[in-house]
Amino acid sequence: MSAKFIWLSDTIPEGKGLALDLGGGMGELRSLLERKGWRYVNLDLCPGRNGLAVCADAHSLPFRDGAFALIVAKDSLEHFENPWRAMEEIRRVLTDGGTLVIWVPFMWPFHGDDFYRYTPLAFERFLKRICHSSL
């Protein structure tokens, strides 16, 4: 198991509600989230061949307000052309008191469709501004 998945496994809490894998592609987090008790929903603009994803844009999520108790955005936020808008949508569909887990690359080669890299300081300020709260 990679260091990334060990960190995610340690970070993602156990739960019972809906969990959104934002930009989940082939759904590689499905088994982890379901083992932790979550009901898995995968959303991707270009979902993988498994057909188990909602095909939608993170800038306009097709879910009701407060639909998810957990949102995981692993290696996806840097691909959103307008991450501020995507974060507003994430906040909208996350329940009050819900958990948001984000993993973004920092020192990683450009791979064709990514827009941003976040330093820890920039990322903290970005989240504070979007979420209007302290971290």
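The values are calculated or read from the model by the stated rules, or taken from the named source; none is laboratory data. As the structure is a prediction and not an experimental result, all values here were calculated from the model. Ideal geometry is used to build each Cβ from the backbone, glycine not excepted, and the neighbour counts take in all protein chains shown.
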query: Of the residues that make up the range 62-74, is at least one in contact (Cβ under 8 Å) with a residue 24 or more places away in the chain, over 18 Å from A86 (Cα atoms), surrounded by 12 or more Cβ atoms within 10 Å (Cβ to Cβ) and not hydroxyl-bearing (S, T, Y)?
result: no
message: Considering only the range 78-98, I want to know if a residue exists there that is surrounded by fewer than 19 Cβ atoms within 10 Å (Cβ to Cβ), more than 14 Å from the chain's Cα centre (by Cα), acidic (D, E) and part of a strand (DSSP E or B).
response: yes
message: I'd like to verify a number: residues in the range 1-19 that are at pLDDT below 85, among the small types (G, A, S) and in contact with a strand residue (DSSP E or B) (Cβ under 7 Å, 6 or more places away or on another chain), how many?
response: 0
field: Qualifying positions in the range 6-25 - under 14 Å from the mean Cα position of the chain (by Cα) and of a type in the set (A, V, I, L, M)
entry: L8, I12, L18, A19, L20, L22
query: Which one of D57, D21 is in contact (Cβ under 8 Å) with a residue 12 or more places away in the chain, surrounded by fewer than 18 Cβ atoms within 10 Å (Cβ to Cβ) and of a type in the set (D, E)?
result: D57
